[in-house]
Amino acid sequence: MKIFIVGITGGIGFRLARILKLGGDEVNGLYRSPNQTKALNSIGVTATLGDLVSIEPRQLADAMRGSDTIVFSAGAGGDSHAMTKAIDGEGVTKSIAAAKLAGIKRFFLVSVFPEAWRERHMDEGFEHYIMVKKQADIALSKSDLDWVILRPSALKNDPGTGTISLGVAQIHTEVRRDDVAATLAELIHTPAVSRKILELTEGSTPIPKAVGTISSN
């Protein structure tokens with residue numbers, strides 16, 4: 001299978017690329033800085049250099065063409081309102097348009113819990129981020145693509161456990177980036193999971209079993 005990852009050098013995208021390559025998949029993606037080339041080459045990936053903010057949908061479609069699946073895992077990281085809108089929002093709609101131009105139906109979006117950190121009374125910048133992410137979810141859900149939206153809990157860099165809790169509604173806690181990437185890899189290879197919004201947290205269910213349960217529902 002050939003997978004194109006928008007945000008391939010990010011915390012989840014890079015882990016996903018490594019898992020997919022080890023599993024024998026062909027991996028490409030979009031990355032912004034030439035300084036990231038060496039890291040990608042170290043896991044056997046030759047990706048497409050380009051800026052998601054400035055790239056046109058047709059250019060992005062050319063880079064994606066021939067892929068079986070698109071994964072969008074890019075994010076501005078809270079740099080500014082403008083960058084959040086440009087990457088987390090417009091970056092998604094641009095990638096949806098590019099996928100359509102390239103004739104690719106399968107599309108995964110890494111999103112966020114809408115109620116993330118409500119108890120912390122986050123600042124206005126975080127509220128803007130949540131709003132933009134929700135708008136991106138809506139844009140994808142209204143498209144005619146074969147989409148899956150994955151909403152991980154608060155992300156941690158600790159080594160993965162291989163176990164999770166996955167469902168249409170979860171309590172927001174934490175989850176490890178390794179386990180998010182492994183869950184995405186499993187979902188990518190489970191075509192029966194389609195047009196679903198899934199929430200992901202730490203848990204005790206092995207990832208293949210958790211995905212298998214979703215696919216049978």
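The values are calculated or read from the model by the stated rules, or taken from the named source; none is laboratory data. These numbers were taken from a predicted model, which means no experiment stands behind them. Note: ideal-geometry Cβ built from the backbone for every residue, glycine included; neighbour counts use all protein chains shown. When the accessible area is computed, the model is the full protein with side chains, heavy atoms only, and any ligands, DNA or RNA have been set aside. Shrake-Rupley method; radii C 1.70, N 1.55, O 1.52, S 1.80 Å.
Do the conditions hold for ASP158, that is, is it within 23 Å of THR9 (Cβ to Cβ) and surrounded by fewer than 17 Cβ atoms within 10 Å (Cβ to Cβ)? Lay out the reasoning, then the answer.
Values: within 23 Å of THR9 (Cβ to Cβ): yes; surrounded by fewer than 17 Cβ atoms within 10 Å (Cβ to Cβ): yes.
Yes.
Residues in segment 161-172 that are open to solvent by 40 Å² or more (accessible area, probe 1.4 Å) and hydrophobic (A, V, I, L, M, F, W, C): 3 in all. Restricted to helices (runs of 4 or more DSSP H) entirely inside segment 2-84, those with at least 3 residues that are open to solvent by less than 20 Å² (accessible area, probe 1.4 Å) are 13-22, 57-64. Just one residue in the set ALA192, ALA210 is over 16 Å from the mean Cα position of the chain (by Cα) and open to solvent by 40 Å² or more (accessible area, probe 1.4 Å); that residue is ALA192. Residues that are in contact with a strand residue (DSSP E or B) (Cβ under 7 Å, 6 or more places away or on another chain) and open to solvent by 10 Å² or more (accessible area, probe 1.4 Å) within segment 142-152 comprise ASP146, TRP147, ARG151, listed in sequence order.
Determine whether ASP88 is loosely packed, with under 14 Cβ neighbours inside 10 Å, of a type in the set (D, E, K, R) and touching a residue at least 12 places away in the same chain (Cβ under 8 Å). Answer is no for this residue.
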